[in-house]
Amino acid sequence: MPKLRALVHASQLFTGAGIRRKDGRKIQEADLGLIEDGALVYSVKKVGSKEIPHRVEWVGATSGLPKKYSRVSKKDLKKQKVVTAGFVDCHTHLVFAGDRSEEFALRSAGATYEEIAKKGGGIATTVRATREATSAQLEKLAEVRLKEAYAWGIRTVEIKSGYGLSTESEIKILEVVQKLIKKHPEMTIVPTFLGAHAYPKDQSREAYLNDLLERMLPEVARRKLATSCDVFIDDGYYTRDEGKRILTKAKELGLAVRVHADEMGDTDSAALAAELGALSADHLLKVSEKGIQKLAQSQTVSVLLPGTAFYLKAAHAPARKLIQSGACVALSTDFNPGTCMTQSLPAIMTLGALYLGMSRAEILAAVTYNAAKALGLSGSKGSLEPGKDADFTILNAQRFEEIYYRFAWQPS
Ligand SMILES: [Zn+2]
């Protein structure tokens, strides 16, 4: 018998079983698996000196707790806390160095993101600082951020490379992520290779693309430094054809793929993501009707990042159209130093409620099961059901919606 622990008297416990059954599509209140005064029994495992929740044994109302668990050590939540599947932040650029607060002030005073980029600011600023930083410095910066993510209820976080833009520094970033994975078993960290984030200033387009295809991708795949490959397909970044070449090669090497799609312009990249069987198509501010239909008919998750649209004062993604068409929609922070400097997934939920018109049920699905699906982890995470990972978040609130009703509020 494995070592067991239990949570009892959660004011609300959401199993999310119905979200899983509907594969995250057209989610209604009834799909949330809400249990008032809920309880959860789970096994634990030891990783080094840490005791980590392992698998869900049983879930239900506290009053229905089976007798066989009567001697299990219990944490009483006194009907003051909500339990959900651990939040999943499925799109972040968490490993970077440097500071762009000054740039933010310029932007607030009227300069556009494009104007700043032309002056050597923007991504280039972060690339310089990240290249100059040692692995140890990057690791230290990232660890502080992981801690913050945990405090926001996030238990699984995707981290992209993409601020190196050279073989050496892209690999350096992914090695840092590998160290974080080993050091932080309390979180699930999913590494993504985003060498195709931008083109570097110190290499020709052809030379960099060649490096990416012939040096970086093979090394990333061989050393298992990332589980997926992402490309920023957009006006002024990677073309649809370049993206297709990179992602096709990544698939041949055994990596899953995802796309920064249709953000600043409609580049038909959401449709490309669906055609390639990508795990996710992210941003989608300018997605076309065709792109929406393709996503709805595919297994590709539509990852919406309303924090970025908010930060850039851009028009938001057509969330309602995506949801009504049957797409599986996730929400994520897009935490990055240029276009969305926040790790608060609850603040993103507030934006989802206000600007994307998402219901409570759609929001809960979007940060649990649907975001787990965007990382290829929905078989083990995203809902609290016997046999799945005991990957949960205890929220310091009596009702789930309280954590995004009180916006930009730290719930723990
Ligand atoms: Zn991004």
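Please treat every number below as a calculation from the coordinates, not as lab data. Just so you know, these numbers come straight off a predicted model, no measurement behind them. Neighbour counts run over all protein chains shown; Cβ positions are idealised from the backbone, glycine included.
Laid out as a table, the results:
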quantity	calculated
On Cα atoms only, tilt of 240-252 relative to the major axis of the chain in degrees	60 degrees
Karplus-derived 3J(HN,Hα), 6.51/-1.76/1.60, for each residue of the range 373-378, Hz, glycine and proline x	5, 5, 9, x, 10, 5
Distance violations [Cα-Cα > 25 Å] among LYS313/LYS381; LYS224/LYS251; LYS50/LYS75; LYS45/LYS381; LYS75/LYS388; LYS251/LYS388	LYS313/LYS381; LYS251/LYS388
10 Å Cβ shell holding at most 15 others, DSSP loop, chymotrypsin sites (Phe, Trp or Tyr not before Pro): longest site-free stretch of the chain	1-406
Anchor LYS26: aspartates and glutamates whose Cα lies under 20 Å away (excluding residues fewer than 8 positions away in-chain)	ASP282, GLU289, GLU362, GLU401
Acute angle (nearest 10 degrees) that the helix 135-151 long axis makes with the longest principal axis of the chain, alpha-carbon atoms	40 degrees
Nonlocal amide H pairs with GLY162, under 5 Å, H built at 1.01 Å	LEU194
For the range 273-287, 3J(HN,Hα) per residue [Karplus equation, 6.51 cos²θ - 1.76 cosθ + 1.60, θ = phi - 60°, Hz, x = Gly/Pro]	4, 5, 4, 7, x, 5, 5, 8, 10, 10, 5, 6, 4, 10, 4
The range 321-412: trypsin sites (Lys or Arg not before Pro) falling in loop per DSSP and having at most 16 other Cβ within 10 Å	ARG399, ARG406
Proximal aspartates and glutamates to LYS79, defined as alpha-carbon separation beneath 13 angstrom and excluding residues fewer than eight positions away on the same chain	GLU36, ASP37
Amide H contacts of LYS388 (H built 1.01 Å from N, under 5 Å, at least 5 apart or other chain)	VAL56
Tilt relative to the chain, helix 123-132 - C-alpha long axis, 0 to 90 degrees, to 10	80 degrees
Sparse-neighbour loop sites [trypsin sites (Lys or Arg not before Pro); the range 194-226; at most 12 other C-beta within 10 Å; DSSP]	LYS201, ARG223, LYS224
Compactness index (Cα Rg / 2.2 N^0.38 Å), the chain	0.96
Residue-wise HN-Hα coupling along the range 169-184, computed from phi with Karplus coefficients 6.51, -1.76, 1.60 (Hz; x: Gly, Pro)	7, 5, 5, 4, 4, 5, 5, 4, 4, 4, 5, 4, 4, 5, 7, 10
Candidate lysines for bridging to LYS201, where Cα separation is under 22 Å - those fewer than 8 sequence places away on the same chain excluded	LYS118, LYS119, LYS160, LYS172
